[in-house]
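A short write-up of the structure that comes next.
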Amino acid sequence: MNTAYRILLPLIVLALASCDTTRKAGASKQDDGVIEIVFLQMNDVYEITPLSDNTGGLARVSALRKSLLAKNPNTFTVLAGDFISPSVIGTLKYEGKRIRGRQMVEVMNTLGLDWVVFGNHEFDYDLEDLQARLDESNFTWLAANARQKSGDQLHPFVRHRPDGDVPCPDDLVVDVTDSDGTTIRLGVFGVLVTSGQKSYVAYSDPLEKAQQRWQALKDKTDICIGLTHLDVADDKKLADLLPEVPLIMGGHDHDNMYHRVGKTVVAKADANARTVYVHHLRYDKKTGQATVRSELRKIDASIPNEPATAQVVDKWGRIMVDALKSAGVDAHRQVTVLQEPLDCREAIVRHTQAPVGQLITQAMLSVAHKKADCAILNGGSIRVDDVLSGALTELDIVRMLPFGGGISEVDMRGTLLQRVLDAGLGNKGKGGYLHLAGIARNEPSGIWEVAGQALDANRTYRVVLPDFLLTGLETNMDFLKAEPSGSGTTNPDILSIDRPQKGNTDDIRRDIRLVLIQYLQSGK
């Protein structure tokens, strides 16, 4: 071998190796037709800070989001309804106005929320407050079956922007591309329950509307998913109606659940971000097949706070303490010392006759102006979703019952009381599940008993209950709606309503929280 060849041979080998490496690198960058999208799912979030068991906390969710994005830039953070109401902070005043969800929007903006579907509690406030929250938000709101009502006109809710109004869409189409160039068109639709009754909102059937939106999306997208705020039974019906939809991320039920209906995954996380779902959606363009791999992630101290979100959370914590003080509530003032922990978690108060329900209903009976036979309380009014122990403060009472509101005494026919109790039992798992004082259900006969005697349909009972129940807006209790009218009421089965006169600050019945504080301080 001559000298020149010996010198050139290593260079030739190096060049060939380099070409081969280049070809392999090029091959790895070719579109393989497969893409993975990640969805970080929350639902029913009312608290921005961790709960007493140190689970939850939106600064932790924000940190998880950042770690998911670092691994896959095609990560979307979604919230399946209910977040601007209710909360303690939302009831307070700041800068001359009720906060009413302003803190939630600012935290979610900082966290990096992408999409939210309206929940029923988004309609707790007047239109002015809801509009302010819409205008402040940087994320997209979906509401295919809800429309703003202005007189006889219906139109989408909008976010006001300097360059014009941006309607809240029925659905979205998003182009998603991965590192090797695989691109798909992702469709997302959003629907919600129809229970948030306000004069400014009109609803259409959520299942019918979801089917319509899927029909509109399917020819212009590769794949569609749903973001819903429905009862799980309706989510399952929707999955059965739309078998081509691989993933429905839902809210409203507050407890984590995971169901497969055919090839469709229906998933819900725990309320208040105790947990979140991380869904990995893998789609193969060549076969048209989608697979979903889901992980329920506990949000706890193992996840550090994301600094920017934590700063906003801390800001609103300081605002809350100052606003409570201005309202005459000392966040740290002790009301009593609990001898046993008081379990106020929604998994308890929406399913069983819990001690906290007994405590509140007994407090309601204690302030009745006339001797009452019984008291009822909708479990959904207890919102703290926490286990309270030791020293119970005024802040704890406000956290427990953020809606506040008055209580009434009504004379009710036995037939109506029977109907109310049956509806409350049927609402197990929902906010309309009733806690009872002076009433028990005889098992196994199923007969309701009042003061130890079988409920008499022909008798009139004196019942103490929250004013809210008389609006008829509680789940499956529209028949309970009543207002005073002349010497009677607008409901033929409610003979009279005794409630505090407006502006009468001497009547403690005006606020259920004051009633509970007085009862606890009395040591009964």
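The values are calculated or read from the model by the stated rules, or taken from the named source; none is laboratory data. Everything quoted here is computed from the prediction, not taken from an experiment. For neighbour counting, all protein chains shown are included, and Cβ atoms are generated from backbone atoms with ideal geometry for every residue, glycine included.
Tabulated results
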read-out: Qualifying residue in region 138-147 (condition: of a type in the set (S, T, N, Q) and surrounded by 14 or more Cβ atoms within 10 Å (Cβ to Cβ)); value: yes
read-out: Condition met for residue 239 (small (Gly, Ala, Ser) and out of contact with any strand residue (DSSP E or B) (no Cβ under 8 Å at 6 or more places or on another chain)); value: no
read-out: Unique match (being buried (at least 21 other Cβ atoms within 10 Å of the Cβ), β-branched (Val, Ile, Thr) and either in the same structural domain as residue 470 (by TED's automatic domain parsing) or closer than 28 Å to residue 283 by Cα (or both)) among 193, 188, 174; value: 188
read-out: Residue in region 86-97 that is closer than 17 Å to residue 311 by Cα, out of contact with any Ser or Thr (no Cβ under 9 Å at 6 or more places or on another chain) and not charged (D, E, K, R) present; value: yes
read-out: Residue check, residue 430 in a loop (DSSP other than H, G, I, E, B) and surrounded by fewer than 19 Cβ atoms within 10 Å (Cβ to Cβ); value: no
read-out: Residue list for region 255-297, filter: closer than 24 Å to residue 380 by Cα, surrounded by fewer than 23 Cβ atoms within 10 Å (Cβ to Cβ) and at pLDDT below 95; value: 255
read-out: Residue match in region 316-326 (condition: surrounded by fewer than 18 Cβ atoms within 10 Å (Cβ to Cβ) and over 29 Å from residue 123 (Cα atoms)); value: no
read-out: Long-range neighbours under 9 Å by Cβ, at least six apart or interchain, first residue assigned to a helix (DSSP H, G or I) within region 108-125, second surrounded by fewer than 22 Cβ atoms within 10 Å (Cβ to Cβ) and of a type in the set (Phe, Trp, Tyr); value: 108/139; 109/139; 123/200
read-out: Criterion: in contact (Cβ under 8 Å) with a residue 12 or more places away in the chain, outside the structural domain of residue 514 (by TED's automatic domain parsing), under 30 Å from residue 359 (Cβ atoms) and not charged (D, E, K, R) - qualifying residue of 319, 303, 248; value: 319
read-out: Elements of type strands (runs of 3 or more DSSP E) in region 292-402, at least 3 residues being in contact with a strand residue (DSSP E or B) (Cβ under 9 Å, 6 or more places away or on another chain) and closer than 26 Å to residue 414 by Cα; value: 374-378
read-out: Search result, residues across region 403-425 that are modelled with pLDDT under 95 and either part of a helix (DSSP H, G or I) or touching a Phe, Trp or Tyr at 6+ places or on another chain (Cβ under 6 Å) (or both); value: 405
read-out: Matching entry among 162, 206, 167 (being surrounded by fewer than 19 Cβ atoms within 10 Å (Cβ to Cβ) and either under 26 Å from residue 37 (Cβ atoms) or of a type in the set (A, V, I, L, M, F, W, C) (or both)); value: 167
read-out: Out of 416, 421, sole residue that is at negative phi, buried (at least 21 other Cβ atoms within 10 Å of the Cβ) and touching a residue at least 24 places away in the same chain (Cβ under 8 Å); value: 416
read-out: Which numbered condition residue 184 fails, given (1) out of contact with any Ser or Thr (no Cβ under 7 Å at 6 or more places or on another chain); (2) of a type outside the set (D, E, K, R); (3) under 25 Å from residue 121 (Cβ atoms); value: (3)
read-out: Subset of region 126-143 [of a type in the set (A, V, I, L, M), touching a residue at least 40 places away in the same chain (Cβ under 8 Å) and in contact with a helix residue (DSSP H, G or I) (Cβ under 8 Å, 6 or more places away or on another chain)]; value: 130
read-out: All positions within region 203-255 that are farther than 15 Å from residue 120 by Cα, within 23 Å of the chain's Cα centre (by Cα) and among the small types (Gly, Ala, Ser); value: 210, 226, 233, 239
read-out: Positions within region 62-72 being in contact with a strand residue (DSSP E or B) (Cβ under 6 Å, 6 or more places away or on another chain) and under 25 Å from residue 102 (Cβ atoms), in sequence order; value: 65
read-out: Single residue of region 48-67 satisfying the filter (of a type in the set (Ser, Thr, Tyr) and in a loop (DSSP other than H, G, I, E, B)) that is farthest from residue 112 (Cα to Cα); value: 52
